[in-house]
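> So that we are looking at the same thing, I have put the structure below in structure tokens.
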Amino acid sequence: MDNAWLVPLSMLLGGVFGAGVVLLVVTAERTAHAAAVAERSLPDGVAAVIATMHNPAVVLDPSNTVVAASGQALAIGLVVRRRLVHRELTDLVDHVRSSGEVAAEDLELPRGRRGELIGYLSFRAATLGNRYVLLTADDLTESRRIDEVRRDFVANISHELKTPIGAIGLLAETLVAAADDPEHVRKFATQLITESERLAALTKDIIELSRLQSVDALESSEEVSIDDIVHGAIDSNSVVAQSRDIELVRAKKSRLRVVGDPGLLQVAVSNLIANAIKYSPDHTRVGVGVRNAKGFVEIAVTDQGVGIAEADLDRVFERFYRVDPARSRATGGTGLGLAIVKHVVGNHGGDVRVWSQPGKGSTFTIRLPEADSSLTAPLDEQFEEQRA
């Protein structure tokens, strides 16, 4: 008899629980029905077009509920639970709905739901029929980044060109003034030649770097012998090395091959060797090693030079960045050599790494995918292998 009160209590709790479940089901059905009605009331074909659009695009009803959205709009986090995430976009939609006019606005918005990346997007909003507003966007993030890089590059070039051009002008004026003094004429003429060579080297590297950034930089790719690349790069630096009694130690023949542009690859390896010579004391050695590393060909250039501080290691491949500006001016460096190496290797599907310690020297290592001989061999050779 003491437990008789449990029966009505359990019935009451069961009733409350059942009512809650029913309420949730009804609410879900109503939400789904409302969405379905909204989507069905869209003009014919609009939902299908929006779904297949590559750019972010959404359609909103009078309550600013998103009734159709492209995959890109969802991917970059513009829409969550059928609502626009950013207040700026809601304000833009409300303005279009009240004015009836097309509106456009460029906005810098967090990309993704966590907001960790900033995106630059150009939005356009317009009425769609009597009830809806269509909101589309062009992602300008990459184009903005390229524009910033281009502006920085132009600014850097202008700064770098000022020094040799100014020096050439000053030396020319001084040379004219010293026309009656043969000793001074020879001195200033020698300096003039040095500055003109520096200007020519800088112009050459700028043209080379611009060519590497074009889409057709590797249109002449072929299977290339690494031994030939290393041999050519060492030969191109042998005269400078001999003038400073720096021994160039080359690797044994490896017979390794990669696919790429032989001219560009030789430029990359040659730049590393030239850089090693510039920053090495006289009477030392620069070694060039080659090895196979799990499907990659590694070309390592090691010197016994001044080394690079850890704080500078992440920046040595930046355009015009110099660890020691005074030494670079003295050696005629342009600050583009390592940037060119990075671009060449990146265009060939590889990467370049650096190890260095101040006072102990540096090792720069190029890693390139090894050529698959079964894919690059002539067809008649492949047939011969199959017969064998």
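Where a number appears in this text, it was derived from the coordinates with a stated rule and is not lab data. Model, not experiment: these values are computed from the prediction. With ideal geometry, Cβ positions are generated from the backbone for all residues, glycine too; neighbour counts draw on all protein chains shown.
> From the phi angles alone, apply the Karplus equation (6.51, -1.76, 1.60; θ = phi - 60°) to the stretch 97-107 and give each ³J(HN,Hα) in whole Hz, x where the residue is Gly or Pro.
For the stretch 97-107, the Karplus-derived couplings read 5, 7, 8, x, 9, 5, 10, 9, 7, 9, 10 Hz, x marking Gly and Pro.
> A follow-up question, please. Pop out the ³J(HN,Hα) list for the stretch 308-317 in order, Karplus 6.51 cos²θ - 1.76 cosθ + 1.60 with θ = phi - 60°, rounded to Hz; leave Gly and Pro as x.
Couplings: 10, 5, 4, 5, 9, 4, 6, 10, 5, 8 Hz.
> Give me, ordered by chain and number, the residues 5 or more places off A251 or on other chains with an amide H under 5 Å from its own placed amide H.
Excluding prolines and chain starts, which carry no amide H, the hits are V288.
> What's the exposure ranking of E183, E318, E370, going from fewest to most Cβ atoms within 10 Å?
E183, E318, E370
> State the extension gain, in nm to one decimal, for the chain segment bounded by E223 and D94, taking 0.36 nm per residue of separation less the distance between their alpha-carbons.
40.5 nm
> Suppose R0 equals 51 Å; then what is the FRET efficiency for A179 and K253 from their Cβ-Cβ distance, rounded to the nearest 0.05?
With R0 = 51 Å, the Cβ-Cβ based efficiency is 0.35.
> Please list, ordered by chain and number, the residues whose modelled amide H lies under 5 Å from the amide H of D351; skip anything fewer than 5 residues away on the same chain.
The list, which skips near neighbours in sequence, is R367.
> I'd like to compare 74-81, 261-268: which one has the highest average count of other Cβ atoms within 10 Å, and what's the full order after that?
Per-residue mean Cβ counts within 10 Å order the peptides as 261-268, 74-81.
> For every other residue with a beta carbon closer than 13 angstrom to the beta carbon of A103, add +1 if it is Lys or Arg and -1 if Asp or Glu, then tell me the sum.
-4
> Quick one: what are the phi-derived ³J(HN,Hα) couplings along the stretch 79-92, Karplus 6.51/-1.76/1.60 with θ = phi - 60°, whole Hz, x for glycine and proline?
Computed from phi, the couplings for the stretch 79-92 are 10, 9, 6, 6, 10, 5, 6, 9, 4, 4, 6, 4, 4, 5 Hz.
> Right, something else. If R0 is 45 Å, what FRET efficiency do you get for A293 and L140 from their C-beta distance, rounded to 0.05?
0.65
> Amide H neighbours of V297 under 5 Å, at least 5 residues apart or on other chains, H built in the peptide plane: list them.
L368, E370
> Could you list V297, V85 in order of exposure, starting from the residue whose Cβ has the fewest other Cβ atoms within 10 Å?
Exposure proxy ranking, most exposed first: V85, V297.
> Let me ask something else. Using label points projected 7 Å from each Cα along Cα→Cβ, tell me how many nm separate V102 and D235, to one decimal.
Simple spin-label model gives 6.2 nm for this pair.
> Tell me which lysines have Cα within less than 24 Å of K360's Cα, excluding those fewer than 8 residues away on the same chain?
K278, K342
> At R0 = 25 Å, how high is the FRET efficiency between R244 and R353 if r is their beta carbon distance? Nearest 0.05 is fine.
0.40
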